[in-house]
Structures are given as structure tokens and as C-alpha cells.
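One structure is given below, encoded as C-alpha cells.
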Amino acid sequence: MTRARNVADIIKQPFTTTLGTSNYRAGVNAGNSIASGGNYNVTIGDEAGTALTTGDNNVAVGYQALSTEDANGNSTAVGYRSLKVQNAGAESYNVAVGMDSGLAVTTGIKNTLVGSFVGKAITSGGENTAFGYAALTTDTLGSHNTALGRSALEAQNFTTATDANNTAVGHLAGAAVTTGVENTLIGSLAGDSLTDADLNVVVGTSALTSDTLGSRSIAIGYKALEKQNFTTATLLSPSVSASPARPPRIVFLTPVVILFPAACPTAVL
């Protein structure tokens with residue numbers, strides 16, 4: 001019998017029966033604690049899902065994947081040590097795919113973490129979406145973040161529970177953000193030097209790439225506001241003094257065409 005045939009036959013087997021219903025186990029101690037009431041779980045790899053008892057609908061693939069969760073379900077952990085210490089105390093709906101993805105998650109729920117080291121430090125942060133190597137890899141307690149791209153929001157870290165609402169899309173987008181909130185950064189290197197800055201809207205490669213502490217800027221276009229850099233916390237908003245109000249700074253570095261009805265001319269900004 002060929003090696004390929006051996007592997008195929010092994011895959012077809014339910015390795016060890018469990019007290020629950022329709023569970024599949026393969027690997028040393030994989031799913032070995034599943035009890036009556038624990039149903040529809042897939043555990044593949046040494047120690048994968050080893051603590052599961054009555055949890056349902058879990059998928060754990062990889063060494064020590066989902067190895068601490070016991071009585072709750074609806075988690076998907078694929079990769080070496082993914083969701084290793086999760087024990088949510090509730091249906092978690094976490095998805096972690098990649099080496100050490102979601103490694104430190106304990107009670108955080110509704111996180112989607114795809115890529116090696118993605119969301120590695122999150123503990124009780126929830127409702128985060130991160131895709132790409134080392135995206136959102138440092139944060140522990142931040143929630144409601146979206147990081148798409150290699151090292152997007154890599155340095156962000158809230159040490160108290162915070163709904164940060166940051167969105168970073170692109171290679172190294174928002175990579176230096178630490179405790180800034182409600183930033184939208186789209187494009188490779190967009191806002192990649194921002195640290196404790198808030199409420200910025202940045203769209204374009206290298207837009208607002210130098211600023212560290214400026215807030216409420218709007219930069220749209222390739223290298224828009226590239227050189228701006230406030231090294232002390234600066235809020236670009238209407239002044240609270242008697243001086244004239246200063247609205248948020250808006251810069252367009254590519255033409256913006258506004259089409260009016262036929263009776264009006266076309267405006268180009």
C-alpha cells in the first residue's frame with residue numbers, strides 16, 4: 001500500500017469515539033476530554049481541543065490549537081497554538097487562522113484573525129478583524145478594530161478596555177498607532193507614523209506618512225500631507241478661543257471632478 005493510500009485511509013477514520021455526537025479526533029490527546037453533550041467538533045493535531053468537554057461546533061487544527069476551551073463552542077482555530085488559551089465562558093465565534101493567531105485570547109469574542117501572529121496579544125478585546133502578517137499583533141484590550149495588510153495597526157495597544165474603532169487597510173497602514181482612536185487609514189504606509197492621534201481620515205499611498213500626534217486631518221491622494229508632523233498633541237479643529245474657527249485640514253492631490261446637472265458647468269478641484 002502506498003504512503004498516499006495510507007494517509008487517505010487514516011483521514012477517513014474517526015480515530016477515537018467520544019461520548020458526544022459526530023466528533024472527529026486525530027492526534028495525541030486531541031479532543032480527548034469531549035463528554036456527552038459535546039457535539040460536532042473537529043480536533044486534529046497533538047493537544048488540539050484537549051480541554052473540550054461539552055462545547056459544540058468547534059474546529060481545532062494544529063498543535064495546541066484551542067487547547068484550553070472547555071464548555072463553549074463555535075470557535076475555529078487553525079494553526080500552531082491558535083486560540084491556545086481561549087476559555088470564553090460563552091459562545092465565542094472567534095476565527096483564528098495562522099501560527100500563533102489569537103494566541104493570548106482568553107474571553108474576547110467575535111474576533112476574526114487571519115495570518116501568522118495576527119491578534120497574538122489580544123486577551124479580552126472583541127469584534128476585531130485583522131488579516132495579514134503581524135496585523136494588530138500587540139493590542140491586548142482594544143475592540144472594534146479593522147486591520148488589513150502586513151503589520152497594519154501592528155503597534156496599537158490599549159491596556160484598558162477600549163472601543164478604538166480604528167480602520168487601517170494597506171501595507172504598514174497605521175503601523176505605529178499606539179492609543180489613537182477612530183482613525184481611518186487606507187493605502188500602503190497611510191498614516192504609518194501616527195501614534196496617539198485621533199479622528200484622522202487618510203486615503204492614498206504615503207498620505208500623512210510623517211505625522212505622529214496630529215488629529216482630525218483629512219488627507220486624500222498620493223502623499224497628501226506627506227510632510228505634516230505635529231510632535232505634540234495637536235487638534236486640527238475649530239478653536240475654543242476667540243480666534244476664527246479653523247476647520248479640519250483637507251488636501252486633494254489628485255483632481256476631483258464634480259458633475260452638476262446639464263445646465264451647470266463641470267467643476268474640477
Report summary line: ALA90: passes all of (1) closer than 20 Å to LYS120 by Cα; (2) of a type in the set (A, V, I, L, M, F, W, C); (3) surrounded by fewer than 24 Cβ atoms within 10 Å (Cβ to Cβ) but (1)
Query - Single match in ASP100, ASP70 (criterion: acidic (Asp, Glu) and within 17 Å of THR137 (Cα to Cα)) - result: ASP100
Query raised in the report: When the range 158-175 is examined, which residues are found to be aliphatic (A, V, I, L, M), part of a loop (DSSP other than H, G, I, E, B) and within 15 Å of the chain's Cα centre (by Cα)?
Result: ALA164, LEU172, ALA173, ALA175
Requested in this report: Filter the range 21-35 down to the residues that are assigned to a loop (DSSP other than H, G, I, E, B) and of a type in the set (A, V, I, L, M, F, W, C), then identify the one that is surrounded by the fewest Cβ atoms within 10 Å (Cβ to Cβ).
Outcome: VAL28
Report task. Restrict the check to the range 51-58 and report whether at least one residue is crowded, with 18+ Cβ neighbours inside 10 Å, at pLDDT 95 or above, among the aliphatic types (A, V, I, L, M) and more than 25 Å from ASN165 (Cα to Cα). Result -> yes
Query raised in the report: Which is in contact (Cβ under 8 Å) with a residue 12 or more places away in the chain, of a type outside the set (Phe, Trp, Tyr) and in contact with a Phe, Trp or Tyr (Cβ under 7 Å, 6 or more places away or on another chain), of SER82, SER67, SER75, SER22?
Result: SER22
Report task. Answer yes or no as to whether ILE34 is of a type in the set (Val, Ile, Thr) and more than 25 Å from the chain's Cα centre (by Cα). Result -> yes
Requested in this report: Could you tell me which residue of the range 94-153 is surrounded by the most Cβ atoms within 10 Å (Cβ to Cβ), considering only residues that are closer than 18 Å to GLN64 by Cβ and of a type in the set (Ser, Thr, Tyr)?
Outcome: SER101
Query - Some residue of the range 143-155 being more than 13 Å from the chain's Cα centre (by Cα) and not in a loop (DSSP other than H, G, I, E, B) - result: no
Query raised in the report: So is SER241 surrounded by fewer than 17 Cβ atoms within 10 Å (Cβ to Cβ), out of contact with any helix residue (DSSP H, G or I) (no Cβ under 9 Å at 6 or more places or on another chain), modelled with pLDDT under 50 and assigned to a loop (DSSP other than H, G, I, E, B) or not?
Result: yes
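The values are calculated or read from the model by the stated rules, or taken from the named source; none is laboratory data. The model shown is predicted, which means the values in this text are computed figures rather than measured ones. Heads up, the Cβs are rebuilt from the backbone with ideal geometry, glycines too, and the neighbour counts pull from every protein chain shown.
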